[in-house]
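Read through the structure below, which is laid out as structure tokens, and then see the notes.
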Amino acid sequence: MFTEDLTVFFDTVNGFAETVTYHGSTSIAAIFDAAFFGEHMSQLIVDSTKPACLVLSSAVSGVVQGYTILRGSTTYNIVDVQPDGSGITLLILEKQ
């Protein structure tokens, strides 16, 4: 069983995270990235990046597609939720 203390990575002062607003009113720590995606369309493979963030699963329990993340002045819709089973969830985002 995975027992690592993940909170050190989500420290917004000394860690990798920043504070964002989740679902309109809750402040949570998130680590932003431009996640890589490859899509197969007929015979064509299209590679691209999409905004994404890692969050502690416990901070977003009940998260569903359509909830939002506000980072600075930019609002993102959550378009996919990918928990990894270790206590971290990857949220795939789309700019509103």
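Here are some notes:
- Output for the range 33-70, where each listed residue is at pLDDT below 95, in a strand (DSSP E or B), under 17 Å from GLN82 (Cα atoms) and polar (S, T, N, Q): THR49
- Given (1) crowded, with 17+ Cβ neighbours inside 10 Å; (2) modelled with pLDDT of 95 or more; (3) within 10 Å of the chain's Cα centre (by Cα), index of the condition VAL81 fails: (1)
- Selected residue (only one of VAL13, VAL8, VAL20 is more than 14 Å from the chain's Cα centre (by Cα), β-branched (Val, Ile, Thr) and either modelled with pLDDT of 95 or more or assigned to a loop (DSSP other than H, G, I, E, B) (or both)): VAL13
- Flag for THR75 being at pLDDT 95 or above, surrounded by 11 or more Cβ atoms within 10 Å (Cβ to Cβ) and in contact with a helix residue (DSSP H, G or I) (Cβ under 7 Å, 6 or more places away or on another chain): no
The values are calculated or read from the model by the stated rules, or taken from the named source; none is laboratory data. Please read all numbers here as calculations on a predicted model, not as lab measurements. Note that we place each Cβ from the backbone using ideal geometry, even for glycine, and neighbour counts take in every protein chain shown.
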